[in-house]
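The values are calculated or read from the model by the stated rules, or taken from the named source; none is laboratory data. Please read these numbers as outputs of a predicted model, since none were measured by experiment. Every residue, glycine as well, gets a Cβ built from its backbone with ideal geometry; the counts of neighbours run over all protein chains shown.
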Amino acid sequence: MSQKTLFEAIKEDHEEMYEYHDQYKRACEANDVPAQARWARQLTWEIARHAVGEEIVVYPLMEKHLGDKGKQLANHDRDEHLNAKEQLYHLESLSPGSAEFDSVITKVMDALHHHNDDEEIKDLPLLEPAIGEEASEEAALSFKKTKKLAPTRAHPSIPNKPPFETLLGFLEAPIDKIKDWFASFPTDDEMKDAKEELKTRDHDAASG
Ligand SMILES: [Fe+2]
Ligand SMILES: [Fe+2]
């Protein structure tokens with residue numbers, strides 16, 4: 001049984017982005033503005049969360065293990081993220097269904113296709129052999145945890161409270177603050193123990 005590598009985890013995320021974008025485009029073709037708004041929201045959170053996840057988990061590894069080349073690649077990637085975040089920021093002031101809204105989405109996704117391809121073709125093929133399979137799988141697990149940075153569609157009765165309730169709040173938060181918050185989740189081992197315990201839990205409601 002083999003775990004996902006970092007490359008696979010990142011690539012899967014990129015595909016998820018493209019899928020949400022396709023759904024958005026389909027909603028545009030159908031002239032369904034509420035659906036455009038929903039898919040754009042899903043897409044923008046996915047982009048923001050993915051970018052922050054890479055900045056926390058992936059780019060520091062590139063800087064640490066790939067020397068000057070790694071620093072250069074990481075800086076270049078961060079600049080491109082900054083550009084995407086600025087576009088998302090702008091998007092928040094526009095109305096779904098408007099021509100400008102659509103053109104910003106197109107611009108962001110065009111830039112991200114190129115950026116994501118660079119990560120898949122240049123960055124990760126350099127990084128993976130440098131860190132080895134085990135570290136790659138570990139990084140993939142950490143990266144997967146960044147899903148918690150974005151709000152999920154919670155059951156209405158369960159309050160859904162990541163610290164960033166709006167996309168703007170998230171985009172404005174300093175990366176150190178996000179990192180602290182991110183680190184405050186249980187470790188993988190702690191989660192595993194809790195899940196094991198859950199299996200043997202026999203809750204007796206009557207005994208209160
Ligand atoms: Fe990226
Ligand atoms: Fe990426």
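Which numbered condition in (1) buried (at least 16 other Cβ atoms within 10 Å of the Cβ); (2) not basic (Lys, Arg); (3) not in a helix (DSSP H, G or I) is the only one that Tyr59 fails?
All conditions are met except number (3).
Any chance you could count how many residues in the stretch 64-101 are more than 16 Å from Asn116 (Cβ to Cβ) and within 16 Å of ligand 2 (Cβ to nearest atom)? I'd like the intermediate steps shown before the answer.
The first filter runs over the stretch 64-101 and keeps only residues more than 16 Å from Asn116 (Cβ to Cβ), leaving 64-72, 75, 86, 89-101.
Those left that are additionally within 16 Å of ligand 2 (Cβ to nearest atom): 70, 75.
Total meeting the criteria: 2.
Quick test for you: out of Glu138, Glu119, pick the one residue that is surrounded by 14 or more Cβ atoms within 10 Å (Cβ to Cβ), within 22 Å of Glu16 (Cα to Cα), away from ligand 2 (no atom under 14 Å from the Cβ) and not hydroxyl-bearing (Ser, Thr, Tyr). First the steps, then the outcome.
Values: Glu119 fails: away from ligand 2 (no atom under 14 Å from the Cβ).
Going through Glu138, Glu119 in turn, just one is surrounded by 14 or more Cβ atoms within 10 Å (Cβ to Cβ), within 22 Å of Glu16 (Cα to Cα), away from ligand 2 (no atom under 14 Å from the Cβ) and not hydroxyl-bearing (Ser, Thr, Tyr): Glu138.
Here is a check on your reading of the model: is Val104 away from ligand 2 (no atom under 16 Å from the Cβ) and aliphatic (A, V, I, L, M)? Give the steps one after another, and end with the answer.
Working: away from ligand 2 (no atom under 16 Å from the Cβ): yes; aliphatic (A, V, I, L, M): yes.
Answer is yes for this residue.
So that you can scan it fast, the table gives a plain yes or no per residue for (1) within 16 Å of ligand 1 (Cβ to nearest atom); (2) farther than 25 Å from Lys107 by Cβ; (3) outside any helix (DSSP H, G or I):
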{"position": "Glu15", "(1), (2), (3)": "yes, no, no"}
{"position": "Ala37", "(1), (2), (3)": "no, no, no"}
{"position": "Ala40", "(1), (2), (3)": "no, no, no"}
{"position": "Glu46", "(1), (2), (3)": "yes, no, no"}
{"position": "His50", "(1), (2), (3)": "yes, no, no"}
{"position": "Gly53", "(1), (2), (3)": "yes, no, no"}
{"position": "Gly70", "(1), (2), (3)": "yes, yes, no"}
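Take Ala48 and tell me if it is at pLDDT below 95 and not charged (D, E, K, R).
Values: at pLDDT below 95: yes; not charged (D, E, K, R): yes.
In short, yes.
Which residue pairs have Cβ atoms under 6 Å apart, sit 6 or more places apart or on different chains, and have a first residue in the stretch 47-72 that is free of Cβ contacts under 8 Å to residues at least 60 places away in the same chain and a second that is surrounded by fewer than 22 Cβ atoms within 10 Å (Cβ to Cβ) and of a type in the set (Lys, Arg)?
Glu63/Lys71
Six or more apart or on different chains, Cβ atoms under 6 Å: show the pairs whose first residue is in the stretch 5-27 and more than 17 Å from Thr44 (Cβ to Cβ) and whose second is buried (at least 20 other Cβ atoms within 10 Å of the Cβ) and aromatic (Phe, Trp, Tyr).
From the stretch 5-27, the pairs are Ala9/Phe143.
At pLDDT 95 or above, more than 17 Å from the chain's Cα centre (by Cα) and either within 16 Å of ligand 1 (Cβ to nearest atom) or surrounded by fewer than 16 Cβ atoms within 10 Å (Cβ to Cβ) (or both): does that describe Glu80? Spell out the reasoning first.
Numbers: at pLDDT 95 or above: yes; more than 17 Å from the chain's Cα centre (by Cα): no; either within 16 Å of ligand 1 (Cβ to nearest atom) or surrounded by fewer than 16 Cβ atoms within 10 Å (Cβ to Cβ) (or both): yes.
When the stated conditions are applied, Glu80 does not pass them.
Which one of these is out of contact with any helix residue (DSSP H, G or I) (no Cβ under 9 Å at 6 or more places or on another chain) and either loosely packed, with under 10 Cβ neighbours inside 10 Å or modelled with pLDDT of 80 or more (or both): Asp193, Asp202? Spell out how you get there, then give the answer.
Details: Asp193 fails: either loosely packed, with under 10 Cβ neighbours inside 10 Å or modelled with pLDDT of 80 or more (or both).
Selected residue: Asp202, the only one of Asp193, Asp202 that is out of contact with any helix residue (DSSP H, G or I) (no Cβ under 9 Å at 6 or more places or on another chain) and either loosely packed, with under 10 Cβ neighbours inside 10 Å or modelled with pLDDT of 80 or more (or both).
What do you reckon, is Pro96 away from ligand 1 (no atom under 12 Å from the Cβ), over 16 Å from the mean Cα position of the chain (by Cα) and either assigned to a helix (DSSP H, G or I) or surrounded by fewer than 16 Cβ atoms within 10 Å (Cβ to Cβ) (or both)? Even if it seems obvious, please write down each step before you answer.
Values: away from ligand 1 (no atom under 12 Å from the Cβ): yes; over 16 Å from the mean Cα position of the chain (by Cα): yes; either assigned to a helix (DSSP H, G or I) or surrounded by fewer than 16 Cβ atoms within 10 Å (Cβ to Cβ) (or both): no.
Spelling it out, it is not the case that Pro96 is away from ligand 1 (no atom under 12 Å from the Cβ), over 16 Å from the mean Cα position of the chain (by Cα) and either assigned to a helix (DSSP H, G or I) or surrounded by fewer than 16 Cβ atoms within 10 Å (Cβ to Cβ) (or both).
Need the failing condition index for Tyr18 against (1) modelled with pLDDT under 95; (2) surrounded by 14 or more Cβ atoms within 10 Å (Cβ to Cβ), just the number.
Status for Tyr18: all satisfied but (1).
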